[in-house]
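First up is the structure itself, then whatever we jot down about it.
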Amino acid sequence: MAYADYTFYTTTYHGTAIATQEDFNRLADRASDKLDIMTFDRLVSGLPTAERAATRVKKAVCAVAEKLQEIEQAEKMAQAGGYGTDELGNVVGNIVTSKTAGAESISFSATSSVKSAVLSAAGDTQAQNRLCYETAREYLAGVTDDCGVLLLYAGL
């Protein structure tokens with residue numbers, strides 16, 4: 001179950017990156033699952049009752065959902081555009097300048113280097129998780145559950 005809905009996304013978070021409610025619901029559900037892992041299931045029984053804390057959790061879901069969409073788009077671009085990594089781990093790729101169906105001809109521009117955290121995370125689950133954590137941390141830092149425990153606290 002997602003901790004934020006499309007109405008919150010468009011009105012309170014003022015999100016515009018995810019165009020449809022269907023896409024948002026799918027991505028917000030995945031983002032909420034990631035928040036459950038990050039918060040050691042402290043949100044499973046419900047959002048904090050403090051309005052400020054609940055709003056920050058919902059904003060974290062929206063931000064992570066947008067990041068997940070960016071990662072999906074980067075992976076699609078990598079598959080379609082011939083992107084890969086160089087020996088330093090930088091994402092490099094070719095921009096398609098023309099395609100021909102008969103005799104199957106594809107022309108590329110000169111190789112370009114793209115240094116984007118999202119593109120670098122494409123295909124790397126650990127990098128994706130790190131990127132999602134960093135995105136959520138902006139909203140969840142200092143937020144506590146109803147028992148007063150910090151949501152991101154990893155201790156006992």
**Report entry** Residues of the stretch 2-48 classified as at negative phi and in a loop (DSSP other than H, G, I, E, B), total
**Finding:** 19
Query - Residues satisfying the stated conditions in the stretch 49-59, i.e. in a helix (DSSP H, G or I) and of a type in the set (Gly, Ala, Ser) - result: Ala53, Ala54
Query raised in the report: Looking at Asp41, Asp124, which one is at pLDDT 70 or above and surrounded by 11 or more Cβ atoms within 10 Å (Cβ to Cβ)?
Result: Asp124
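The values are calculated or read from the model by the stated rules, or taken from the named source; none is laboratory data. Just so it is clear, the structure is predicted and the values come from calculations on it, not from any experiment. Because the Cβ atoms are built from the backbone with ideal geometry, glycine has one as well, and the counts that use them run over all protein chains shown.
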